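Contents: one structure, followed by commentary.
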Amino acid sequence: MNKNSRIYIAGHNGLVGSALYRRLNSDGYSNLIVRNHSDLNLTRQKDVEDFFKLEKPDHVFLAAAKVGGILANDTYPAEFIYTNLAIQNNIIHAAWQTGVQRLLFLGSSCIYPRECQQPMKEDYLLTGLLEPTNEPYAVAKIAGIKMCHAYNRQYDTKYLCVMPTNLYGPNDNFDLETSHVLPALIRKFHLAKLAHQGDWEKIKKDEEKSGEIPEEIKQSIGYKIPYSEIHQTYSKFKPSVMLWGSGNPRRELLHVDDLADACVFWVDLEEDVLQKFFDNSHTPLLNIGFGEDLTIKEIASIVSEVVGYKGDVFYDQSKPDGTPQKLLDISKIKKMGWKPSIELKDGIRRVYEWYLEEMNET
């Protein structure tokens, strides 16, 4: 890429897309192409094809996707598989039709088998059964990888596939019905902290901005009590944090700014360096992660400390744990000269500060 390259970021308002936009913009790329959903529906093939013919991007970062945590994936499986298949099919095909030089497809570590050997190498794709709770989403992402493989093989394109681990950062989704693990933890601990302080006005404001608080969370923090009666009953109630599962599954977390750095690093490689990855495979599939993981309990402890919550934490073991472990092997990209730079506690602190700013609490 050069500074004048026409670069389309699909999904620029999302967690990953916004990080890519910030990174490329700060690096001086002057022709960044973006569209809001209201202006371009990526599930409509003709609209996407017309857009590519009009804009003629040189490079594409495909960060647009329907994403969510265990609850969202388990509740809306049809939406997850249809929406993601439609978006990636339309963009990848239109990119080939209009001669895009490089396309970067962003997948997810859930593409690997549920009982995958740890840490997970790129070669472990399709070597076992997927996690049932997010299988439709994973199947869609695997299809995207195989589509890039097919186009590279048949048309000699240079489409790249990146498999990031669990991500977090500014512009994340904090809706407790659809969010991933870290934003959900941050919001749950924040709400419990406010409940301990008896700051029900801020809890109401949080609900207005970040989405409805599920009934089980309302019960755990005492928000189920009618607002007019809260102050009379608060002294008899002790707010707590209720988390799903056993707390034993392990998760690797990567700040989204580190992911954006890795994506730009890879797409920007010189042709002769990149070609080495095409010599043995038509699909240069690259894991992007932090290289270490922690249990949910350990992550929750860090979040609790950063947020400043000092109350009780309970685990509802009737709820699913999800995949036991998802640690990526990142040896390939480390050999290329890239490594993450944002430590977890510092990254969580940054996200919590961003969240408080969004809530106008700073």
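The values are calculated or read from the model by the stated rules, or taken from the named source; none is laboratory data. It should be emphasised that the depicted structure is a prediction, and the values quoted were computed from it without experimental measurement. Cβ coordinates were reconstructed from backbone atoms using ideal geometry, including for glycine residues, and neighbour counts include every protein chain displayed.
Any residue at all in segment 145-164 that's part of a loop (DSSP other than H, G, I, E, B), in contact with a strand residue (DSSP E or B) (Cβ under 6 Å, 6 or more places away or on another chain) and not aromatic (Phe, Trp, Tyr)? Explain how you work it out, then say what you get.
Within segment 145-164, the first condition is being part of a loop (DSSP other than H, G, I, E, B), and the residues that meet it are 156-157.
Then keep just the ones that are in contact with a strand residue (DSSP E or B) (Cβ under 6 Å, 6 or more places away or on another chain); that gives none.
The answer is no; no qualifying residue exists.
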State which residue is nearest to residue 157 (Cα to Cα) when the search covers only segment 42-76 and only residues that are touching a helix residue (DSSP H, G or I) at 6+ places or on another chain (Cβ under 6 Å) and not hydrophobic (A, V, I, L, M, F, W, C).
49
Consider only pairs whose beta carbons are under 7 Å apart and that are at least six residues apart or on different chains; among these, list those whose first residue lies in segment 63-85 and is free of Cβ contacts under 8 Å to residues at least 12 places away in the same chain and whose second residue is surrounded by 18 or more Cβ atoms within 10 Å (Cβ to Cβ) and outside any helix (DSSP H, G or I).
none
Report the residue count in segment 105-129 for those that are hydrophobic (A, V, I, L, M, F, W, C) and surrounded by fewer than 21 Cβ atoms within 10 Å (Cβ to Cβ).
3
Would you please name the residue that is surrounded by the most Cβ atoms within 10 Å (Cβ to Cβ), looking only at residues in segment 291-307 that are under 20 Å from the mean Cα position of the chain (by Cα) and aliphatic (A, V, I, L, M)?
303
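Quick one: in segment 75-111, of everything that is part of a loop (DSSP other than H, G, I, E, B) and within 16 Å of the chain's Cα centre (by Cα), which residue is farthest from residue 322 (Cα to Cα)?
107
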Output yes when any residue across segment 274-281 is outside any helix (DSSP H, G or I), at pLDDT below 90 and either within 30 Å of residue 25 (Cβ to Cβ) or outside the structural domain of residue 150 (by TED's automatic domain parsing) (or both), and no when none is.
no
When you go through 357, 361, 353 one by one, which is the residue that is assigned to a loop (DSSP other than H, G, I, E, B) and of a type in the set (Asp, Glu)?
361
Neighbours by Cβ (under 6 Å, 6+ apart or cross-chain): first from segment 130-144, in a helix (DSSP H, G or I); second of a type in the set (D, E, K, R):
133/74
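From the list 339, 345, 319, which residue is under 20 Å from the mean Cα position of the chain (by Cα) and not in a helix (DSSP H, G or I)? Even if it seems obvious, please write down each step before you answer.
Working: 345 fails: not in a helix (DSSP H, G or I); 319 fails: under 20 Å from the mean Cα position of the chain (by Cα).
Testing whether each residue is under 20 Å from the mean Cα position of the chain (by Cα) and not in a helix (DSSP H, G or I) leaves just 339.
Would you point out which residue out of 60, 48, 67 is in contact with a Gly (Cβ under 9 Å, 6 or more places away or on another chain) and either surrounded by fewer than 23 Cβ atoms within 10 Å (Cβ to Cβ) or of a type in the set (A, V, I, L, M, F, W, C) (or both)? Spell out the reasoning first.
Details: 60 fails: in contact with a Gly (Cβ under 9 Å, 6 or more places away or on another chain); 48 fails: in contact with a Gly (Cβ under 9 Å, 6 or more places away or on another chain).
That would be 67, the only listed residue that is in contact with a Gly (Cβ under 9 Å, 6 or more places away or on another chain) and either surrounded by fewer than 23 Cβ atoms within 10 Å (Cβ to Cβ) or of a type in the set (A, V, I, L, M, F, W, C) (or both).
Could you say which residue among 19, 86 is out of contact with any strand residue (DSSP E or B) (no Cβ under 8 Å at 6 or more places or on another chain), more than 22 Å from residue 135 (Cα to Cα) and buried (at least 16 other Cβ atoms within 10 Å of the Cβ)? Reasoning before the result, please.
Values: 86 fails: more than 22 Å from residue 135 (Cα to Cα).
After ruling out the rest, the residue left standing is 19.
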Could you count how many residues in segment 1-53 are charged (D, E, K, R), within 23 Å of residue 172 (Cα to Cα) and not in a helix (DSSP H, G or I)?
3
